[in-house]
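One structure below.
The values are calculated or read from the model by the stated rules, or taken from the named source; none is laboratory data. All values derive from a computational prediction rather than experimental measurement. A quick note on method: Cβ atoms are made from the backbone with ideal geometry, for glycine too, and the neighbour counts reach across all protein chains shown.
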């Protein structure tokens, strides 16, 4: 698989989130926090046409903690969107619940990368999320993306 991908215009999850945000913010609970940010448990999912196809997870209790995110299926064809029973239980999801998958994006002066190895997975029905570290070595921690 190629280690770089151009970004498409607008992912469907971003469009849905924008319309939802017009009425009320999407507050997602992370019972265990996000690794490295365990003290932060409540985040707002922000999507806008200006950010698209990126979104933002912003901590409610700390204005300086936020993460750029993107749908990993936009970057990696055939990205595996399955979770085991244990992982689904951690976010209160049944086997039939649709899930929102997001990869955390890092932007530096030189490049932009997405962490495909440890996606953030959200159960929209319960608004509960978790970052899962996957065993699949095929998914890089720093997958190069083209923001231009």
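Tell me which residues, restricted to region 128-147, are more than 18 Å from residue 37 (Cβ to Cβ) and either in contact (Cβ under 8 Å) with a residue 60 or more places away in the chain or not in a loop (DSSP other than H, G, I, E, B) (or both).
138, 139, 140, 143, 144, 145, 146, 147
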Taking the condition loosely packed, with under 14 Cβ neighbours inside 10 Å, more than 17 Å from residue 31 (Cβ to Cβ), modelled with pLDDT of 95 or more and touching a strand residue (DSSP E or B) at 6+ places or on another chain (Cβ under 7 Å), does residue 141 pass?
yes
Take residue 92 and tell me if it is under 24 Å from residue 25 (Cα atoms), in a loop (DSSP other than H, G, I, E, B) and modelled with pLDDT of 95 or more.
yes
Residues (surrounded by fewer than 18 Cβ atoms within 10 Å (Cβ to Cβ), out of contact with any helix residue (DSSP H, G or I) (no Cβ under 9 Å at 6 or more places or on another chain) and over 20 Å from residue 35 (Cα atoms)) located in region 95-126:
96, 98, 108, 109, 110, 111, 125, 126
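Can you say whether residue 45 is under 22 Å from residue 107 (Cα atoms) and at pLDDT 95 or above, as far as the supplied structure shows?
no
Here is a yes/no grid of residues against (1) in contact with a strand residue (DSSP E or B) (Cβ under 9 Å, 6 or more places away or on another chain); (2) modelled with pLDDT of 65 or more; (3) not in a loop (DSSP other than H, G, I, E, B):
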| residue | (1), (2), (3) |
| --- | --- |
| 16 | yes, no, yes |
| 31 | yes, yes, no |
| 49 | no, yes, no |
| 53 | yes, yes, no |
| 58 | yes, yes, yes |
| 64 | no, yes, no |
| 73 | yes, yes, yes |
| 80 | no, yes, no |
